[in-house]
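Every number in this text was worked out from the coordinates using simple rules, so none of it is lab data. Just so we're clear, the structure is a prediction, and the values are computed from it rather than from any experiment. Neighbour counts are summed over all protein chains in view; Cβ atoms, including those assigned to glycine, are modelled from backbone coordinates with ideal geometry.
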Amino acid sequence: MADGKTARSEKSTKVFGDYLVMLIAPCVISVWYYGAAALRTLIVCLLTSFICDFVVSIIINKQYYAADLSGICTGAIIALMLSATVPAYVGVVACVFAVAVAKIPFGGGMRAPFVPAAAGFAFAAVCFGKEVFAYSSGRAFMKTVSLGASLMSGSILRINASNMIDMLTGNIYGPMGTTCIIAMLGCVVFLIIRRRSSLLPGAGFLAACLVFSLIFPRSGGSVISCAVMELFSGSLLFAAVFLLTNPATMPANTANKVVYGVFTGVVCMVMRHMGAFEEPVCFAVLIANAFSPLLDIFTDRARIVFSRRKHREVTENG
Amino acid sequence: MMFVGAVKFNPVLIQCVALCPVVAATQNLEDAFFTAVAIFADLIITAFIASTLLKKVPRFVRVALYLIIGLAIICPVLWLIEFRTLISLSLIMKIILPLVAVNSATAVHCETFAVKNEVRTAVNDAVAAGTGIGVIMLICGAIREIAGSGTILGRSLGLKVTLPGMAMPVGCLVILGFGAAALQKFFSEEKSPSARKDTEHQPEEVELGMDDDYGPELVDMDFAYENDDEYAYLLSSVNELIESFSSGDDDEEGES
């Protein structure tokens, strides 16, 4: 029993340690763009997650592993998906919900059936939608609306070299740590080196989003521009790298990982078209999390049926 | 029996029945109170009728009758509240209250207990179950109203930050989840090693005041929590219900 717990703790340290390394780049960039406001939000979320993790573990008589970095990682992910100038209580509520409701009651970061950060962000979005999606400009070139908001209103940006560079460097209106595409690509490279198989859901997710946005563009202009804006807006790439790669919620089967990602992408795009929120990717991730174990169950059953049929055929043939 | 039916086998937290009305109608304390009263009355009257009149009625007819009885109770009450009192029900209550007639708690308790027992025992069980549901509804209603709107019975508490998410179904499910966990924790602490040692050789016999329908294990056991027994009871009662619906031995069951 103790060995199992130790092994799980070591795995948790390894997995979430990787996440923390990857999160350094978005954190630095958010502080660069938004300054003290971003730093304050980051500190509030990190401290809340850590304290909540520690306190709830004590309340339920569970041993607290300082090396289990899942709580801190959850806090950092939530902070980066929020606006830099969001009131402190929004970050606190999101982190408390993520840790105390979505993580610890289910047995910790390596057992939670729903990505805790997505659950915390979704709860904050439901409770404080106006504050969560009220982005601040920072040094962004688009001073009035985010890419997601302009897509929602049906207006489209003419893509040129200048604003393409701004989009790649994250110099746009939006969540404080999710808009820098170059940082996300760096994280992808890191994941290719460390955990290649965990990229499959993210790949399926982005492919589904791309195809969906090409087939059903949200604005009347160029389809390519619309697809680029869809991919670069909000937390889409961030979710592909940090939420969908969570090993606890990912299906075990390789093909199922892709299906899981594609399903999340389709749900996300449908919610972007029809939903009330500018960035519904966390809700899509939570819905996909609910179906994730079913994918493996169906695959296992299909495999059993197939092997029985094969066995019967072999027996009948002699 | 009251303790067992209302707390130990709480219909909402342990048996997971009547979840729909609890989630839908506990956005505030007032709605929760009216729904709890409606469920309480529905359960008692239906259990009484099931125990006195419906024992020899085939099962498939009986289940339909529970719904009709429920509607016969709820709709006039709803009409009386709406047109003969000064209480104005919210729109959600006008939708939810008639649906209370088809809540699963009535069907489960009447079908697994009331039709197989004497009137007094059946009514006692209904009172216990109704109390259990009502208390949970009031707790959920109060917490959701305070956290979601910053009010209690419509009066502002002056909270600076409220969590509108708690007024949504997700908030109720979170409360129910923590409630179920707390209940389990409470009963598992009763079965602490020292307590277990005391009762191991001399099991205390508890007079539950009901027949064997709650399972022979529960009659002999002390009030300490036994997961296996309780889950076996729950599974057996639910399986019994499902099997009875799927099997064709209605007449035989009705005459027993």
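By the beta-carbon count within 10 Å of each Cβ, the least crowded to most crowded order of A:Lys11, A:Lys130, B:Lys8, A:Lys257, fewest first, is A:Lys130, A:Lys11, B:Lys8, A:Lys257. For chain A, modelled as a GNM with alpha-carbon contacts under 10 angstrom, which of A:Ile29, A:Ile182, A:Ile72 fluctuates the most? Highest fluctuation of the listed residues: A:Ile182.
Sequence-distant contacts, meaning Cα pairs under 8 Å at least 6 residues apart, place the relative contact order of chain A at 17 percent. Loop-resident GluC sites (Glu not before Pro) (DSSP state other than H, G, I, E or B) in the stretch B:59-168 with no more than 14 further Cβ atoms inside 10 Å of their Cβ: B:Glu118. Calculated mean residue ellipticity, 222 nm, chain A: -21500 deg cm²/dmol, from DSSP H runs (n ≥ 4) at -39500 (n - 2.57) each, averaged per residue and rounded to 500. Give me the tail of P(r) for the stretch A:1-82 as a percent: Cα-Cα pairs with distance above 19 Å. I get 43 percent for the Cα pairs in the stretch A:1-82 exceeding 19 Å. Neighbour counts of other Cβ atoms within 10 Å put A:Met250, A:Met176, A:Met152 in the fewest-to-most order A:Met152, A:Met250, A:Met176. From least to most packed, judged by other beta carbons within 10 angstrom and beginning with the fewest, A:Met274, A:Met229 follow the order A:Met274, A:Met229.
The packing ranking, built from the mean of other Cβ atoms within 10 Å per residue, places the peptides B:168-176, A:58-66 in the order B:168-176, A:58-66, highest first. Binning the alpha carbon pair distances of the stretch A:30-127 at 10 angstrom intervals from zero yields the distribution 19, 51, 25, 5, 0, expressed in whole percent. Where nothing but the Cβ of Lys and Arg (+1) and of Asp and Glu (-1) is charged, how large is the charge dipole of the stretch A:2-317 around its Cα centre, in debye to the nearest 20? It comes to approximately 480 debye. Residue pairs exceeding 22 angstrom between C-alpha atoms, taken from A:Lys14/A:Lys103; A:Lys103/B:Lys8; B:Lys8/B:Lys56; A:Lys62/A:Lys103: A:Lys103/B:Lys8; B:Lys8/B:Lys56. The ratio of the alpha-carbon radius of gyration of the protein assembly as shown to the globular-protein estimate 2.2 N^0.38 Å is 1.13.
Converting the Cα gyration tensor eigenvalues of chain A into ellipsoid dimensions via √(5λ) gives semi-axes, longest first, of 33, 27, 16 Å.
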